[in-house]
Every structure is written in structure tokens, then in C-alpha cells.
Amino acid sequence: DAGITQSPRHKVTETGTPVTLRCHQTENHRYMYWYRQDPGHGLRLIHYSYGVKDTDKGEVSDGYSVSRSKTEDFLLTLESATSSQTSVYFCAISDQGNTGELFFGEGSRLTVL
Amino acid sequence: RKEVEQDPGPFNVPEGATVAFNCTYSNSASQSFFWYRQDCRKEPKLLMSVYSSGNEDGRFTAQLNRASQYISLLIRDSKLSDSATYLCVVNIMGTGGGNKLTFGTGTQLKVEL
């Protein structure tokens, strides 16, 4: 299995609080992604990174920011969490951009009360 | 219309049965296609890529029909361990020229004794 770890794996927080999810990889892959998965929706891309300090928005980026200061770490921040951001968040990595296989982390389940 | 559409199921089949899933996509410029498997409360994992010529991996066969814009997955001799959600994934050309992977909502398969 690809070396991807997400933390925290579970978090309950209150509306209006900041939340940061961390994705750490040991594969030295160039591309990293944050997705959210909700019932009735496929996995939806929030943000992605194509290198250190190089990031771009996905289709559901509002309310989220990311940072990648090292190859191995990709942080997703909810500046002020809302109930609509209750979801399961998956980090993924790849070495071929969107033309290759994605390797996913185990997911982080976030509940915003 | 969703960019990638799948029948959510569930498909309940007896062990040993053959089952087929279809997936349709709306963007004719789509370039690459995949099936991912997701077990309950787990991360998605690549099952197989889908090629125009069709491809087979053991009991699994994937087909692509570009003219009709659909992808299929055939599972022969179903096992209990095949019970999972199968995600159709399409690499769709973005408006800015970049590619993005778009996930279907998944088709749930339950294999029963």
C-alpha cells in the first residue's frame, strides 16, 4: 500500500472554528489532492498540488485553503467550519497527474456541529 | 446532467453470478477511464484502467464505447469478497485545457450466499 497517512482520522468540531487536516506521504509523488465524499455525490476535488508551493482550486474550493511547504505534506484548512463541510475527506497522491492512478489515504471523517 | 452517471444499485446477486455495470459520461473529449473499488467506510482503490480495445483482469472485464460514451465493467463468477461500491472515473478535459478526474457516485454490489 502507498504510504499515505491522514490526521486526524476523526474530528468533531463546532461551527465557526478553524480546522486543519494533514496529509503526509512517503512516496515522493509530485501530485497531491484533497477530495470530499458525500452521499449522492461522487468524490469531489477541493484543491490539488502539482509541486511544493504550487496549488490550484478544484470544483468545490470555497471555504477551503491548502498549503504545501514540503513534498510530503499537504494541509487542508477550513478557516471557519460550517455544517455543510461535514464530510469524509480523502487525500490522494499520484506521480502522473490526472492520467495515472490515484492512491488514497484512509480518510478523515469531520463532523461540524 | 452529471458528467459521469452510474446506477447506484444496489445490485444483489448470488455467489457465482455474472454482473455488469454501466457508466455514461457526457464529455466526448474525455481521455482516460478507470474503475475504482471502494469497500464500506474505506478509501477507493484502483481496480482497473479501461482501454478502447477492452481489457480483462481475471474475472473482471472492462469495455469502453467512445461512440456511445459509456464504460462497462463485467464481473464473472462473483465472490462474496466482491461486495463493494464500484466507482466509474473519467479524465475530463477542463475548460482551461487541464485535465481533471471526475468520479461517478458509484454502483453498490452485494454478493450473497
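The values are calculated or read from the model by the stated rules, or taken from the named source; none is laboratory data. Here the structure is a predicted model, which is why all the values come from computation and not from measurement. Cβ placement follows ideal geometry from the backbone for every residue including glycine, while neighbour counts extend to all protein chains displayed. What goes into the accessible areas is simple: the full protein's heavy atoms, side chains included, and nothing from ligands, DNA or RNA. Shrake-Rupley method; radii C 1.70, N 1.55, O 1.52, S 1.80 Å.
Here B:Ala20 fulfils each of the conditions (1) assigned to a strand (DSSP E or B); (2) at pLDDT 95 or above; (3) surrounded by 15 or more Cβ atoms within 10 Å (Cβ to Cβ) apart from (3). The single residue among A:Thr13, A:Thr111, A:Thr26, A:Thr17 that is away from every other protein chain (no Cβ under 12 Å), under 30 Å from B:Gly9 (Cβ atoms) and among the β-branched types (Val, Ile, Thr) turns out to be A:Thr111. Can you tell me which residues in segment A:50-69 are in contact with an Asp or Glu (Cβ under 8 Å, 6 or more places away or on another chain), under 18 Å from A:Asp95 (Cα atoms) and hydroxyl-bearing (Ser, Thr, Tyr)? Of everything in segment A:50-69, just one residue is in contact with an Asp or Glu (Cβ under 8 Å, 6 or more places away or on another chain), under 18 Å from A:Asp95 (Cα atoms) and hydroxyl-bearing (Ser, Thr, Tyr), namely A:Tyr50. A:Gly40 meets all of the listed conditions (1) in contact (Cβ under 8 Å) with a residue 40 or more places away in the chain; (2) not in a strand (DSSP E or B) but one, namely (1).
The rows are residues; the columns are (1) without any contact (Cβ under 8 Å) to a residue 60 or more places away in the chain; (2) outside any strand (DSSP E or B); (3) within 14 Å of chain A (Cβ to nearest Cβ).
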| position | (1), (2), (3) |
| --- | --- |
| B:Lys42 | yes, yes, yes |
| B:Ser53 | yes, yes, no |
| B:Glu56 | yes, no, no |
| B:Thr61 | yes, no, no |
| B:Ala67 | yes, yes, no |
| B:Leu73 | yes, no, no |
| B:Ser78 | no, yes, no |
| B:Thr102 | no, no, yes |
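Residue-level check: of (1) closer than 24 Å to B:Leu46 by Cα; (2) polar (S, T, N, Q); (3) away from chain B (no Cβ under 12 Å); (4) open to solvent by less than 30 Å² (accessible area, probe 1.4 Å), A:Ser94 misses just (3).
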